[in-house]
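Please read the structure below before turning to the comments.
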Amino acid sequence: MAAALLLANVQPGWAATMADVNNEKGHAFLVSYGGNCYAVLPDHVATSDRISLVSPLPQTAGVGSVFWRSAEDDLALAYVEGELADHCEQKWDPLNRKVGPLLQEQGAGSLARINWGGDMIDRAEGVVIDADETQFVVNTTESWAEGEVEGGVSGALYYRGRVPVGMALSAINNRRARFLRMDRIYALLDPVLNGKSAAHPAVADIATSTNGVGFRVTGQAVDMGGTLRGLAGTMQWPWTGAPIEIELTLSNEAPLPINVIRLKSRSSAEAGFAAPQRIKMELDGGMPGSPFWRILGVNDMPPNGVLDIPTGGSRARRIKLRIETVWGQAERVGLESIALE
C-alpha cells in the first residue's frame, strides 16, 4: 500500500520530508531541531528500536534510532542518520499551534499519500466527525485507490487548508481513520527535545561532587595520534537541572588551531545516567592575561552520544563547554571524551 506521504496543499515553509517506515509498515514525518533530524511516527509503526526510512522520489534512505516512546499515546521519536538527515527541512517550532479551531471548521480537509512505487500521488478529502483534546476521527468523502484507508495509513497527516493538524494512528474502516492531534504531539515531544523533562525523583539525595558545576581542567591536553585529546575516561557529574560548565586549557601560550571539537558520551541506556543534550561552546582566542571569549554555538548532542562541532579553523587557548540540558530524567550526566582535531 502506501510507500510514503506527500504534503498536499502546503506552503513552502511546510515542505517537510515524509518517509516510509520499514518497507511500508507506515509513515513518519521528519523535523529539524537543534541541528539534528528527528522522525515522528506512531509507536506501533516503530516495531524495533532501529527503523529504515525512505523518502519519496527521488528516493533517499536513512536510518532512525528510536529513543522515546509512549505506548499510551501511540507515539515515538527517532534520531535520523544517513543521507535522509541532510534533507530534513521542516523546523519543529512552527508545529506549536492550537488546532482545535481548525478541527471545528466546516468543510473538508485533505489527506495525501504516495501509492505503490512512489510515482503517483493519491489524495482524498475528509471531514472531521469526532474530536476530543487529544485525538479526532476523519471520514473520507471520496475513495482512495481501491476505496481503502487501511494498510499503511498510520503516520499519514491530515490538513485543514495548508496546516497539518494531525497524524493518523489507525484505520477504523476503509473510509475512516483515527488521528493524534498535532498540538498533542507537540506537547508530548517538545519537553523531550528541549531537555525539560521532570527532574529525577532521587536527585535531592545526590551528594555534592567536587567535580560538579564549574568543573575545570588545565594543562591536560595531550597529542594522541594527531588528535589533541583534552579529556579521556568517563567523566560524570550529578545532574540537578543546573548547567554544568567544563573549562579546558589547551595552551598556556599561543592559541592552537582547532578544526573540529568532538564530544562523546554513552547513550542513556544505563539507569540513572543521561547523555548531554544542549551544549553551549565558547572559545578563548586571547593571549595569557587578555582572554577573548566568543560563543562558537549552541548545539544538541544527538541521542547516540556523538557530537561534532566544526570551528572553521579557529584558534583557541581554552574551550568552555556548558551542558544546559540532558536527554530525559537522570541522576547524573557524563562525557567519555573531548577530542579536538
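The values are calculated or read from the model by the stated rules, or taken from the named source; none is laboratory data. Just so you know, these numbers come straight off a predicted model, no measurement behind them. Backbone-built Cβ (ideal geometry, glycine too); neighbour counts: all protein chains shown.
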Exercise. Would you say R294 is touching a residue at least 12 places away in the same chain (Cβ under 8 Å), touching a Gly at 6+ places or on another chain (Cβ under 6 Å) and not small (G, A, S)?
Worked result: no
Problem set entry | Near pairs, Cβ below 8 angstrom, 6+ apart or cross-chain, from the range 171-191 (assigned by TED's automatic domain parsing to the domain that holds V137) to any residue that is surrounded by fewer than 18 Cβ atoms within 10 Å (Cβ to Cβ) and assigned to a helix (DSSP H, G or I) | N174/G147; R175/G147; D183/G100
For this session: Could you check how many residues of the range 257-291 are surrounded by 15 or more Cβ atoms within 10 Å (Cβ to Cβ) and in a strand (DSSP E or B)?
Result: 14
For this session: Check off (1) on the phi > 0 side of the Ramachandran plot; (2) assigned to a strand (DSSP E or B) for G313 and give me the number that stays unchecked.
Result: (2)
For this session: Look at N304 and say whether it is over 14 Å from W237 (Cβ atoms), under 16 Å from the mean Cα position of the chain (by Cα) and part of a loop (DSSP other than H, G, I, E, B).
Result: yes
Exercise. Got a number for residues in the range 66-97 being in a strand (DSSP E or B) and either among the charged types (D, E, K, R) or crowded, with 17+ Cβ neighbours inside 10 Å (or both)?
Worked result: 12
For this session: Could you tell me whether any residue of the range 311-321 is under 21 Å from N194 (Cβ atoms) and surrounded by 15 or more Cβ atoms within 10 Å (Cβ to Cβ)?
Result: yes
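Yes/no per residue for (1) touching a Pro at 6+ places or on another chain (Cβ under 8 Å); (2) surrounded by fewer than 18 Cβ atoms within 10 Å (Cβ to Cβ):
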{"position": "G166", "(1), (2)": "no, no"}
{"position": "L169", "(1), (2)": "yes, no"}
{"position": "R176", "(1), (2)": "no, yes"}
{"position": "D190", "(1), (2)": "no, yes"}
